[in-house]
Amino acid sequence: MSYGSLYFNSKKYSEAGVFYLKALTRYKDMGNKGLDRDQWRVLIDQTAISLGISGQLDGAKTILEIGIKEDPEYPMFYYNLACVYAESDDKQKCFETLEKAISFKTKMFQGEEFPDPMSDSSFKKYVDDSEFIKIVSKIN
């Protein structure tokens, strides 16, 4: 996970994804032990982000679905999945998933802030869409 983070922080997302996937495999092989809940959330998030940014949208989607299955109220899994749907041009699923993320925004871990979809490059094609604006207005 440390190597993944090193590459992630250097914006070398393809390399980060490789190490994060290895960390997830090792975590699973160890019986899902060795990480606390917040560390596990970060591992899922950063693995998915690394895969998504490097064009592996199906892989990112799979990782986020694993996260949602294990932690169904963590908003960032839904938020990042909405980003995947946006990048895949699936507007309906994007909006549904973003709404779900917003509905769980109070479940962020301490010190974490819910992102602003209006400034997220994944959603740039929707910033003038009235339905998107209505969804985003629910954040406040």
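If you bin the C-alpha pair distances of the chain every 10 Å from 0, what whole percents do you get?
Calculated P(r), rounded to whole percents: 13, 42, 35, 9, 1.
Among the aspartates and glutamates, which fall within straight-line cross-link reach of Lys105, defined as a Cα-Cα distance under 16 Å, with same-chain neighbours fewer than 8 residues apart omitted?
Asp38, Asp45, Asp71, Glu73, Glu96, Glu113, Asp116
Give me the number: length gained by fully extending Glu96 to Gln110, i.e. 0.36 nm times residue separation minus the C-alpha to C-alpha distance, one decimal in nm. Walk me through the numbers before you get to the answer.
Values: separation 14, 0.36 × 14 = 5.04 nm, distance 2.54 nm.
So the extension gain works out to 2.5 nm.
Relative contact order of the range 10-57: what whole-number percent is it, with Cα pairs under 8 angstrom and at least 6 residues apart? Could you put the intermediate results ahead of the total?
Details: 25 pairs, mean separation 27.8, N = 48.
This gives 58 percent for the range 10-57.
Take the Cβ-Cβ distance between Ser130 and Met30 as r, set R0 to 41 Å, and report the resulting FRET efficiency rounded to the nearest 0.05.
On the way: r = 48 Å, r/R0 = 1.17.
So, using R0 = 41 Å, E works out to roughly 0.30.
Points 7 angstrom from Cα along the Cβ direction at Ser103 and Lys138: gap in nanometres?
0.7 nm
What shape does the range 56-120 take by its C-alpha gyration tensor, where a ≥ b ≥ c are the square roots of the eigenvalues and a/c under 1.5 counts as rounded, a/b above b/c as prolate, and the rest as oblate?
Verdict is oblate for the range 56-120.
Just the number, please: carbon plus sulfur as a percent of the accessible area of the chain, 1.4 Å probe, no ligands or DNA/RNA counted.
Carbon with sulfur: 48 percent of the solvent-accessible area.
What distance in nm lies between label points placed 7 Å from Cα along the C-beta direction at Tyr3 and Asp58?
Between Tyr3 and Asp58, the label points sit 2.6 nm apart.
Apply the Karplus parameterisation 6.51 cos²θ - 1.76 cosθ + 1.60, with θ equal to phi minus 60°, to every residue of the range 113-124 and state each ³J(HN,Hα) to the nearest whole Hz, in sequence, with x for glycine and proline.
10, 5, x, 8, x, 5, 10, 8, 4, 5, 9, 4
I'd like the FRET efficiency for Ser119 and Glu73, computed as 1/(1 + (r/R0)^6) with the beta carbon distance as r and R0 of 22 Å, rounded to 0.05.
Working: r = 25 Å, r/R0 = 1.12.
E(calc), rounded to 0.05, equals 0.35.
Please work out how much length the chain gains when fully extended from Lys22 to Asp38, using 0.36 nm per residue of separation minus the C-alpha to C-alpha distance, in nm with one decimal. Walk me through the intermediate numbers first.
On the way: separation 16, 0.36 × 16 = 5.76 nm, distance 1.83 nm.
Taking Lys22 through Asp38 to full extension adds about 3.9 nm, to one decimal.
Under 5 Å between amide hydrogens, which residues at least 5 positions from Asp71 or on another chain qualify, with H placed 1.01 Å from N in the peptide plane?
none
Could you state the accessible area per residue of the chain in Å², with a 1.4 Å probe and every protein chain left in place? Before the final figure, lay out the partial values.
Details: 8150 Å² over 140 residues.
On a per-residue basis, 58 Å².
Quick one: Karplus J couplings for the range 72-88, per residue in order, coefficients 6.51, -1.76, 1.60, θ = phi - 60°, nearest Hz, x for Gly and Pro?
With the stated coefficients, the range 72-88 comes to x, 10, 7, x, 5, 5, 5, 4, 5, 5, 4, 4, 4, 4, 4, 5, 8 Hz.
The values are calculated or read from the model by the stated rules, or taken from the named source; none is laboratory data. All figures in this text were calculated on a predicted structure; none of them were measured in a lab. No Cβ is skipped: glycine too gets one built from the backbone with ideal geometry, and neighbour counts run over all protein chains shown. The accessibility values were calculated without ligands, DNA or RNA, using every heavy atom of the protein model including side chains. Shrake-Rupley method; radii C 1.70, N 1.55, O 1.52, S 1.80 Å.
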